[in-house]
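The values are calculated or read from the model by the stated rules, or taken from the named source; none is laboratory data. It should be emphasised that the depicted structure is a prediction, and the values quoted were computed from it without experimental measurement. Every residue, glycine among them, receives a Cβ derived from its backbone with ideal geometry; neighbour counts consider all protein chains shown. Note: accessible area is taken over every heavy atom of the protein model, side chains too, but ligands, DNA and RNA are not part of it. Shrake-Rupley method; radii C 1.70, N 1.55, O 1.52, S 1.80 Å.
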Amino acid sequence: RQWMAWGVEPDVMIGHSLGEYVAAHLAGVLTFDDALSLVVIRSGLMERVSGVGAAMLVVPLPETDVVGRLPAGLSLATVNADDECVVAGDAARIAAFAAGLSAGGVEVTHIPLAAAAHSSMLDSVLDEFETAVRQVRLAAPRRPYVSNLTGDWISPEQATDQRYWVDHLRHTVRFADGLRTAMSDRPTVVVELGPGQSLASYARRTGLPVAAISTLRHPDDDV
């Protein structure tokens with residue numbers, strides 16, 4: 001809203017996982033209060049599941065390679081770039097998977113969160129989250145934004161379907177596909193609104209002509 005007040009209006013929007021709630025709110029799908037309520041409920045359900053031991057792992061390999069190596073019980077949580085995915089699930093299984101990849105020369109990175117977003121560990125709370133989504137009003141989007149679930153433009157039917165938001169919580173974030181959709185057919189300036197420059201770096205890695213701008217420092221930056 002601050003950037004809009006300064007005259008910077010987005011032609012299109014894309015969020016990453018929880019960030020899609022911001023895009024949906026700014027597009028008029030959710031009121032601020034309803035979006036915030038769902039964020040709190042969503043986070044509480046994930047925390048409950050994570051309490052039994054959950055973890056996430058960055059794997060610098062293409063999606064097909066990751067899926068081909070993925071053991072039972074772990075899930076492909078996000079596809080952030082052509083050569084980077086995140087796997088989520090039970091912490092012990094993540095540790096074993098990471099050890100195997102490292103032994104094979106793949107330099108994995110553990111995400112410092114005790115969570116298993118977009119994984120099968122969330123299956124036990126999906127009905128409860130759907131009940132919460134059914135308590136809010138969903139409207140057709142008035143601004144274009146890209147769906148994490150499909151990597152394509154959100155449709156009015158998807159945005160107003162309670163099950164879409166349940167699937168959005170559970171299934172893979174197709175961020176790499178979404179970036180290509182958002183940046184298609186135009187010279188693009190990408191403005192990352194959250195802290196750091198992770199998403200801006202993914203935009204640069206698409207190979208498309210893009211100026212990617214970060215607006216907030218990373219918490220670890222001293223400047």
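Values for this structure:
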quantity: Accessible carbon and sulfur surface of the range 26-155 relative to its total accessible area, %, 1.4 Å; calculated: 56
quantity: Projected-area mean, the range 76-171, by convex hull of Cα positions, square nanometres; calculated: 7.6
quantity: At q = 0.24 Å⁻¹, base-10 log of I(q)/I(0) for the range 42-130 (Debye sum, equal scatterers on each alpha carbon); calculated: -1.16
quantity: Kirkwood hydrodynamic radius of the range 138-223, Cα pairs, Å; calculated: 14.3
quantity: Dipole of the chain [Lys/Arg +1, Asp/Glu -1 at C-beta], most positive-end residue of Ala211, Ile154, Met183; calculated: Ile154
quantity: Label-reachable residues, the range 24-63, where backbone N falls under 15 Å from a point 7 Å from Trp3's Cα toward its Cβ; calculated: 24-27
quantity: Sites Ser37 and Leu70 - FRET efficiency at Förster radius 41 Å, r taken between beta-carbons, to 0.05; calculated: 0.75
quantity: Reduced Cα scattering model of the chain, Debye log10 I(q)/I(0), q = 0.14, 0.15 Å⁻¹; calculated: -0.93, -1.07
quantity: Two-site label geometry, Ile111 and Ala211: point separation in nm, points 7 Å out along Cα→Cβ; calculated: 3.1
quantity: Calculated [θ] (222 nm, deg cm²/dmol) that DSSP helices of n ≥ 4 give over the chain, each run adding -39,500 (n - 2.57); calculated: -11000 deg cm²/dmol
quantity: More than 11 Å apart - percent of Cα-Cα pairs taken over the range 181-222; calculated: 63
quantity: Contour excess over end-to-end distance, with Cα ends at Ala96 and Asp185 and 0.36 nm allotted per residue; calculated: 27.8 nm
quantity: Of all DSSP beta bridges in the chain, antiparallel share, percent nearest 5; calculated: 60
quantity: Average Cα contact separation per residue, the chain, under 8 Å, 6 or more apart, as relative contact order %; calculated: 21
quantity: Probe 1.4 Å, accessible area per residue of the chain, Å²; calculated: 51
quantity: Relative contact order, percent, the range 65-147 [alpha-carbon distance under 8 Å, six or more residues apart]; calculated: 26
quantity: Student exercise, the chain dipole from Lys, Arg, Asp, Glu Cβ charges, in Debye to nearest 20; calculated: 220
